[in-house]
Amino acid sequence: MGRLRGYFLTGLVVVAPIAITIWIAWWFVSLFDRWVKPLIPEIYNPDHYLPFTVPGVGLLFTVVIITLIGFFTANLVGRSIISWWERILERMPVLRSIYRGTKQIFATALSQGSRNFKSVGLIEYPRKGVYVVAFVARELDSGDLGLTPGSPMLACFMPTTPNPTSGFLFFVHRDEVQILDISVEDAAKLVISAGLVLPGHDHPDGLVPIVEGGHVVGHVPAEEAEAKDKEPAKE
């Protein structure tokens, strides 16, 4: 029963991420199909010719339209239209701020050759002795923030668990951030798993691999593996 439990946990570790990934991908494709398919002319919509529904047509149509818009705005006429549109938004008090902030976020995140986060560090928060994981975005001078110039500061993003897309922005003195020797991807896994998946580990902490014939055939809880090691060897 202990080995069957270990096999079940191993299968759960393998199947759950795959199932969640497929579900998110299907939800994303279905979302675009619900939004975009009603706008596609019938002559270009395969659902009007086939006896079944083709998933992903809305997403594909969206990608093609966005690509064509990008191609169109790359020439003189397109840039002139964009400039005219931005001048209109500049006269709208609320929409102007929303457009500026959104445009800057997308331009920074999607710019070629840019790195979203430089490194990963630990910050003592909300009190001394308690550490949180923070992604270091950039280094800047305290004068850039309106403070007394001359102090090196780090712009750090502290993500929340288990959703790392939300969090808090901190501007901290460089000496108050302990830089870790792990990648941003490993730190994201640590945050999403609520500390269960440590950097450099492909399985949750507390599961010990079962090795047979030089190959890993499963995992069992650490307490079961320890109890098995203490059993006397059979003659």
**Request:** Provide, as a two-decimal number, the C-alpha radius of gyration of the stretch 66-176 over 2.2 N^0.38 Å, N being how many residues it has.
**Result:** 1.42
**Item:** Alpha-carbon centroids, the stretch 142-164 and the stretch 1-39: separation in whole Å
**Value:** 36 Å
**Request:** Report the far tail of the P(r) of the stretch 119-192, meaning the percent of Cα-Cα pairs longer than 14 Å.
**Result:** 59 percent
**Asked** With the contact rule set at Cα under 8 Å and sequence spacing of 6 or more, what percent relative contact order holds for the stretch 119-192?
**Response** 32 percent
**Item:** Sequence-distant residues sharing a close amide H with ALA137 (under 5 Å, placed H)
**Value:** LYS118, ALA155, CYS156, PHE157
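Using Cα pairs under 8 angstrom and six or more residues apart, how large is the relative contact order of the stretch 2-110, in percent? Don't skip to the end; give the middle numbers.
Details: 37 pairs, mean separation 18.3, N = 109.
This gives 17 percent for the stretch 2-110.
How big is the dipole moment of the stretch 119-192 about its Cα centre under a simple scheme where the beta carbon of each Lys and Arg is +1, that of each Asp and Glu is -1, and everything else is neutral? Debye, nearest 20, please.
Details: 5 positive and 9 negative charges, 51 e Å.
Computed charge dipole of the stretch 119-192: roughly 240 debye.
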**Asked** Assigning unit charges at the beta carbon (Lys, Arg +1; Asp, Glu -1) and nothing else, what dipole magnitude in debye, to the nearest 20, does the stretch 4-160 show about its Cα centre?
**Response** 260 debye
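Where a number appears in this text, it was derived from the coordinates with a stated rule and is not lab data. Quick caveat, the model's predicted, so the values are computed rather than measured. With ideal geometry, Cβ positions are generated from the backbone for all residues, glycine too; neighbour counts draw on all protein chains shown.
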